Amino acid sequence: MRGRLITFEGGEATGKSTHSALLSGRLKALGIDVILTREPGGSTGAEAIRHVLMSGAAKPLGAEAEALLFAAARDDHVRSTIEPALARGAWVICDRFIDSTRVYQGALGHVDPKLIRALERVTIGDLKPDLTFILDVPAEVGLARASKRRGEAAADRFEAESLATHQELREAYRLLVVAEPGRCIMIDATEPKTVVADLIWKTVNERLSPATAPVLLTGAGT
């Protein structure tokens, strides 16, 4: 049986990595083989491209160039990590995926939607997340969390954007939920971590029935 793909989306410091890991732990406790991964990154080639993107080195090239780089990273990630895991029946939890490109480069960067769709056809084909959690916090809250998290380190390419840009980002994610309510679930991530985690777990159980998933003997991924 083919595995499941669950993605986490949202603005900066909304808790995507934290809740990806918490969900992974709960699924592993059921004996499910789980791959916990991220974008950009998640494979050797994609991690190399991640450094270019997150450093801001590609920003002067424009949003279209960044979209192409994200697509190149995603292509390697899907072929090297995600598809093989799903094919063997593992569940994949990904911190960011196609919706980040749709929102950051599409809605905010004004990249032609036709180009965004063409890149998706090339990189993911028919592959779509079974479930996408969009973690929502006010932009100023997310930026304050990001600042606290990085301490004295410099902000990355996307954290460094203005408050107004992050507010636009939040609205773009809200519109995505309206457009695809069957796949996308928005969760108030200002709630305590345990409350958010329990709501995510409840939704996964209702939508994907992990308790009925076959137990794989190959061992869980990282």
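Just so it is clear, none of the values below were taken in a lab; they were calculated from the coordinates. What you are looking at is a predicted structure, and each value in this text was computed from that prediction instead of being measured. When we count neighbours, we look across all protein chains shown, and the Cβ atoms used for this are built from the backbone with ideal geometry, even at glycine.
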Handout entry: Gain in span if fully extended, Glu47 to Ser80, counting 0.36 nm per residue against the direct Cα distance
Key = 10.7 nm
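Just to verify a number: FRET efficiency for Val122 and Thr194, C-beta to C-beta distance, R0 = 35 Å, to 0.05?
Efficiency computed from Cβ-Cβ geometry: 0.30.
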Practice task
Using Cα pairs closer than 8 Å and at least 6 residues apart in sequence, work out the relative contact order for the stretch 5-209, in percent.
Solution key: 31 percent
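Would you please give the FRET efficiency between Ala144 and Lys28, computed as 1/(1 + (r/R0)^6) with r the Cβ-Cβ distance and R0 = 41 Å, to the nearest 0.05? Walk me through the numbers before you get to the answer.
Details: r = 32 Å, r/R0 = 0.78.
The value I calculate is 0.80.
Among Lys148/Lys193; Lys16/Lys128; Lys28/Lys148; Lys16/Lys59; Lys16/Lys193, which pairs are too far apart, with a Cα-Cα distance over 20 Å?
Details: Lys148/Lys193 17 Å; Lys16/Lys128 18 Å; Lys28/Lys148 30 Å; Lys16/Lys59 24 Å; Lys16/Lys193 11 Å.
Correct reply: Lys28/Lys148; Lys16/Lys59.
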Exercise for the section: For n ≥ 4 DSSP H runs only, could you compute -39500 (n - 2.57) per run for the chain, divide by its residues and tell me the 222 nm figure to the nearest 500? Expected result: -14500 deg cm²/dmol
Problem - Over the stretch 1-109, relative contact order from alpha-carbon pairs under 8 Å, at least 6 apart, % - result: 46 percent
Practice task
Using only the C-alpha atoms of the stretch 86-140, find the volume of their convex hull and express it per residue in Å³.
Solution key: 94 Å³
Practice task
Please work out the FRET efficiency for the pair Arg174 and Ala87, using the Cβ-Cβ distance as r and a Förster radius of 25 Å; give the result to the nearest 0.05.
Solution key: 0.15
Practice task
Distance between Cα centroids, the stretch 164-198 to the stretch 60-114: provide it in whole Å.
Solution key: 19 Å
